[in-house]
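To start, the structure under review is shown below, and the notes come after it.
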Amino acid sequence: MSLDILIFGAHADDAEIGMAGTIAKHTAAGMKVGVCDLTKAEMSSNGTVERRAEEAEEASRVLGLSCRTNLGLPDRGLYITPEHIQAVTAEIRMHAPKIVFAPYWEDRHPDHVMCSKLVQEAVFNAKLRNYMPDMPATQVKELYFYFINDMGPVDLIVDITEHYEQKEKSLLSYRSQFQIGAGTVSTPLNQGYIERVRARDSLLGQRSLISFAEGFASITPYVVGQFGTAAR
């Protein structure tokens, strides 16, 4: 399936934490948006692989995703290897997205950092005709980075006020991660994490008089046609 936007995360719920409101805003506008989770999160302290998959499917319905895939790479075993780069590159070529999102390159979780690096490598390789020549090369026009646990410098923000209820509903789909139940252990995710995400998104929009916003980083400069008018 050809996509307008393809979002990568190391685990199911990464994309929702960082940019569920932006996803909902773009699917509501009729754009085809997909998410690719690199691992099945088999090392999670709470929940099973099967339950995490069910929760990801529920969150996908809430956000109106066109597709969601899982590469099945090892949780806590992501590395810059030819095999892992090829797997991510193949996903990009299969969907030929105009825009790709990845986790910000600095985060307390090593898998998020490694996912960011793998996507950057794959976006570059996806355009090389002689790399994996059995699949057509594709040029990603824009690569942006979303924040999960740790914030960095924000290059642009998206007003997600009208879609914030969808964001929180998508996060609440991951009950095994964000809620305490029988047999669960205490983790940062079930100790008020969703409330902290809400506070972050509210604070981020405050200076622009926006109720809720999500922030993104870009390695390349953000282009405007003229001052006061965004090019995109």
Could you do me a favour and compute the accessible area per residue for the chain, 1.4 Å probe, result in Å²?
49 Å²
Output the direction-averaged projected area (hull surface divided by four) of the convex hull of the alpha-carbon atoms of region 1-91, in nm².
5.9 nm²
Relative contact order as a percentage, region 8-97, C-alpha pairs under 8 Å and 6+ apart, gives 31 percent
Alpha carbon centroid spacing (whole Å) that separates region 119-157 from region 181-208
28 Å
Checked against a 24 Å limit on the C-alpha separation, the offending pairs among 117/167; 40/169; 40/167; 40/127; 141/169; 117/141 are 117/167; 40/127; 141/169
Tail beyond 18 Å, pair distance distribution of region 133-218 (Cα, percent):
56 percent
Relative contact order, percent, the chain [alpha-carbon distance under 8 Å, six or more residues apart]
24 percent
Quick check: convex hull over the Cα atoms of region 22-138, volume per residue in Å³, rounded to an integer?
110 Å³
Using only alpha carbons, build the gyration tensor for the chain and give me the equivalent ellipsoid semi-axes, biggest first, whole Å.
26, 24, 16
In nm², the average projected area of the convex hull spanned by the Cα atoms of region 10-60 is 3.6 nm²
Please compute one quarter of the surface area of the Cα convex hull for region 91-188 and express it in square nanometres.
8.8 nm²
Charge sum, other residues only, whose C-beta stays under 13 Å from residue 6's C-beta, Lys/Arg counted +1 and Asp/Glu -1
+1
What shape does region 145-185 take by its C-alpha gyration tensor, where a ≥ b ≥ c are the square roots of the eigenvalues and a/c under 1.5 counts as rounded, a/b above b/c as prolate, and the rest as oblate?
oblate
Share of the chain's accessible area from carbon and sulfur, percent, 1.4 Å?
54 percent
Can you give the net charge of the other residues whose Cβ lies under 15 Å from the Cβ of residue 93, counting K and R as +1 and D and E as -1?
+1
Net charge near residue 206: determine it from the other residues with C-beta under 14 Å of the C-beta of residue 206, scoring Lys and Arg +1 and Asp and Glu -1.
0
What's the longest uninterrupted piece of the chain once you rule out the chymotrypsin sites (Phe, Trp or Tyr not before Pro) that are loop residues per DSSP with at most 16 other Cβ within 10 Å?
132-221
Considering Cα pairs under 8 angstrom that are at least six residues apart, work out the relative contact order of region 178-232 and quote it in whole percent.
18 percent
Region 7-112: which trypsin sites (Lys or Arg not before Pro) are DSSP loop and have at most 10 other beta-carbon atoms within 10 angstrom?
108
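The values are calculated or read from the model by the stated rules, or taken from the named source; none is laboratory data. Computed from a predicted structure; not experimentally measured. Glycine also receives a Cβ, built like all others from the backbone with ideal geometry; neighbour counts cover every protein chain displayed. Ligands, DNA and RNA are excluded from the accessible area calculation, which covers all protein heavy atoms including side chains. Shrake-Rupley method; radii C 1.70, N 1.55, O 1.52, S 1.80 Å.
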